[in-house]
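What follows is a short report on a single structure.
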Amino acid sequence: MDKDINILAIETSCDETSAAVVKNGREVLSNIIYTQIETHKLFGGVVPEIAGRQHIMKIDGVVSRAMEESGLSFDDIDAVAVTYGPGLVGALLVGLSHAKALAYALNKPLVPVHHIEGHIAANYIEHKDLKPPFVCMVVSGGHTHLVNIESYSSFKILGRTRDDAAGEAYDKVARVIGLTYPGGPQIDKLSEEGDPFAIKFPRVTLEDGSYDFSFSGLKSAVLNYVNKAKMKNEPINEADIAASFQQAVIEVLTEKSIKACKEYDSKVFALAGGVSANKHLRAAMQAACDENGIRFCVPRPVLCTDNAAMIGCAGYYEFMGGNTADMSLNAYPGLKLGERI
């Protein structure tokens, strides 16, 4: 490569306002993240209207800080990448509108990026030598996907959730046992005090050969367990519930991931998405991969949650592949992985 390619990236798909500058797809020059967790904690979850308003208030300052921290000027930017789906439509539109305005004013190409592809790409930042093909598990509040990464722009979905995503189940179970939002980190922490085999919650594997997931039944099993205990005035050990619930989730995710690696002859397995920051899940996946001679890759926690650096990385490969958009680009809250609009 004769010239460095610098991508200014913007991410506003949910409740993080983020901007980053990424050089040549793998070197992060800046990655500014403003989180709204404390605001939404009051309501027990993300309120879309509030999220959109917070993005409007913060986006300009976040982008300015990202540029300042990168040490570059707008003249050094080669393209503006932005998440255009999936996500909350109001939140997406804030980042998309800002990115379109910058691209238009600076006369720079506009690069549309799929949010889930961004999560996958976070592994390229963390592991500089990583390249396709490999198998990846994307597990977050809204998504649970098992994917065969065929190339930087080609993805074969092997399995996905049929109801609740794993992260969504975490949040709902956390609420049942009295934990605050976001539930995932709270359950991960509380489970350290509990016995993961104290309560036998169901492991839903579905029909033979399926890589799909279902966590609705597990969530209901936890709710029923708690309700029955309360009706009988029996003591409830929240730590045991958290640990047993988490163990049930981890066993299913791990088993199907290793099975996919074997079937597709992949010697590399990657974990991505917000739930991939979970310490117990990371440890279980590492142990399973070690046992089966598979290289395990996962980003550092700050790159697991929503951030613009991962969008800049994915945007680099989209840009190099010639995928740019005009000013008619819209937000697509239900955009599927691998779909191009």
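Only the coordinates and a few stated rules stand behind these numbers; no lab work does. Just so we're clear, the structure is a prediction, and the values are computed from it rather than from any experiment. Every residue, glycine among them, receives a Cβ derived from its backbone with ideal geometry; neighbour counts consider all protein chains shown.
Altogether, the Stokes-Einstein calculation at 25 °C and 0.890 mPa s, with the Kirkwood radius of region 1-86 over Cα pairs as Rh, returns a diffusion coefficient of 179 µm²/s. Think of it as helices only: each DSSP H run of n ≥ 4 in the chain is worth -39500 (n - 2.57), and spread over all residues that comes to -14000 deg cm²/dmol at 222 nm.
What FRET efficiency do you get for Ile341 and Leu106 if R0 is 22 Å and r is their Cβ-Cβ distance, rounded to the nearest 0.05? The formula returns an efficiency of 0.40 here. Summary of packing: across the peptides 3-13, 89-99, 258-268, the per-residue average of other C-beta atoms within 10 Å ranks them, highest first, as 3-13, 89-99, 258-268.
Within region 46-204, the ratio Rg/Rh, alpha carbon atoms throughout and Rh by Kirkwood, equals 1.03. Cross-link reach is defined here as a Cα-Cα straight distance under 20 Å, omitting same-chain residues fewer than 8 places apart; for Lys262 the lysines meeting it are Lys131, Lys156. Please give, to one decimal in nm, the separation of the simple spin-label points placed at Val302 and Tyr264, each 7 Å out from Cα toward the Cβ. Simple spin-label model gives 3.0 nm for this pair.
With the convex hull drawn over the C-alpha atoms of the chain, the volume per residue is 128 Å³. Overall size of region 132-300 from C-alpha positions, given as principal axis extents largest first: 54, 29, 27 Å. The antiparallel fraction among DSSP beta bridges confined to the chain stands at about 60%. Taking a straight Cα-Cα cut-off under 23 Å and skipping sequence neighbours fewer than 8 places away in the same chain, the lysines within cross-link reach of Lys230 are Lys172, Lys200, Lys219.
For a straight C-alpha distance cut-off of 15 angstrom, the aspartates and glutamates reachable from Lys189 (same-chain residues fewer than eight places away being disregarded) are Asp171, Glu238, Asp240. The GluC sites (Glu not before Pro) of region 182-252 that DSSP puts in a loop, and whose beta carbon has at most 11 other beta carbons within 10 Å, are Glu207. Ordering Ile294, Gly183, Val268 by Cα displacement along the dipole of region 132-300 toward the positive end leaves Gly183 in first place; charges were set at the Cβ atoms of Lys, Arg (+1) and Asp, Glu (-1). Between Asp163 and Glu251, the modelled labels are 1.8 nm apart [label points 7 Å from Cα along Cα→Cβ]. Considering every alpha-carbon pair of region 122-202, the percent of pairs per 5 Å bin, from zero through the bin containing the longest distance, is 3, 13, 16, 18, 16, 13, 11, 7, 2.
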